[in-house]
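Encoded as structure tokens, the structure appears first; notes follow it.
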Amino acid sequence: MFFTYLNVALFGAIFLGFPVVASQIYMFVAPGLYKHERKAFIPYLVATPIFFIAGAALVYFVVLPMALHFFASMQTDDIKMLTSVSEYLGTAMLLIPAFGACFQLPVVLTLLAQIDLVHVDMLKKGRRYAIVAILVFAALITPPDPISQIGLAVPMYLLYELSILSVRMVERQRMPQRLLHLLRPI
């Protein structure tokens, strides 16, 4: 039980302390950025913890209870499920950062669109490959039960679609700037 307390304390410290660490990293990097780059970076600083917390909440409130219910339904008179606190916490501490990181998909793709590496057409054409990659990733990162795999794959696909919308917004914002650039005399 002592090591379980230590693991929970370490995980809680990392989870709660991450915004402070991220802000320190930003304050270190910000002086090297131009003013317009700093201004463009602020929405991502706000969106990143929101999406991470959304992923963590999905694990804690939806996926873990559903997975436990799934495993409990496998019990028979001869086979009983004996869950230990350390196994449950180990699974939770694996899934929470994994889901939190996966929920960063819109942030990452929008940042890539900002620097012109990703386009809406590219994301639309790659939708089939993205679905396969999401399903494979969900199978690799989650425990071997269909509930947690589907619990990760479906939100990731929805986040992929949200990413397409956010990349489209970035492209629309940049369109007048491109037109002005084309109209400038050489």
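Each value in this text was obtained by applying a stated rule to the coordinates, not by laboratory testing. Treat the numbers as computed from the prediction; the structure is a model and nothing was measured. Every residue, glycine among them, receives a Cβ derived from its backbone with ideal geometry; neighbour counts consider all protein chains shown.
Being loosely packed, with under 13 Cβ neighbours inside 10 Å and either touching an Asp or Glu at 6+ places or on another chain (Cβ under 8 Å) or under 9 Å from GLY55 (Cα atoms) (or both) is the filter here; which residues of segment 83-106 pass it?
Result: no residue meets the conditions.
What residue, of LEU68, LEU58, is aliphatic (A, V, I, L, M), surrounded by 16 or more Cβ atoms within 10 Å (Cβ to Cβ) and over 20 Å from SER163 (Cβ atoms)?
On the way: LEU58 fails: over 20 Å from SER163 (Cβ atoms).
LEU68 is the lone residue from the list that is aliphatic (A, V, I, L, M), surrounded by 16 or more Cβ atoms within 10 Å (Cβ to Cβ) and over 20 Å from SER163 (Cβ atoms).
Any residue that is touching a residue at least 40 places away in the same chain (Cβ under 8 Å), exposed (fewer than 14 other Cβ atoms within 10 Å of the Cβ) and of a type in the set (A, V, I, L, M, F, W, C) - is there at least one of those in segment 18-36?
Among the residues of segment 18-36, not one is touching a residue at least 40 places away in the same chain (Cβ under 8 Å), exposed (fewer than 14 other Cβ atoms within 10 Å of the Cβ) and of a type in the set (A, V, I, L, M, F, W, C), which makes the answer no.
Of all residues in segment 46-100, count the ones that are of a type in the set (Val, Ile, Thr) and either within 18 Å of ILE141 (Cβ to Cβ) or in contact (Cβ under 8 Å) with a residue 40 or more places away in the chain (or both).
Number satisfying all stated conditions: 8.
Being in contact with a Lys or Arg (Cβ under 9 Å, 6 or more places away or on another chain) and hydroxyl-bearing (Ser, Thr, Tyr), is that true of even one residue in segment 108-119?
No, the conditions are met nowhere in segment 108-119.
Criterion first (surrounded by 14 or more Cβ atoms within 10 Å (Cβ to Cβ) and on the phi < 0 side of the Ramachandran plot) does TYR5 satisfy it?
Here the answer is no, as TYR5 does not meet what is asked.
Quick test for you: out of VAL118, VAL154, pick the one residue that is over 21 Å from MET74 (Cβ atoms), touching a helix residue (DSSP H, G or I) at 6+ places or on another chain (Cβ under 8 Å) and not acidic (Asp, Glu).
Answer to the check: VAL118.
Mind telling me which of the residues VAL136, VAL154, VAL170 ends up being surrounded by 11 or more Cβ atoms within 10 Å (Cβ to Cβ) and touching a residue at least 12 places away in the same chain (Cβ under 8 Å)?
It is VAL170.
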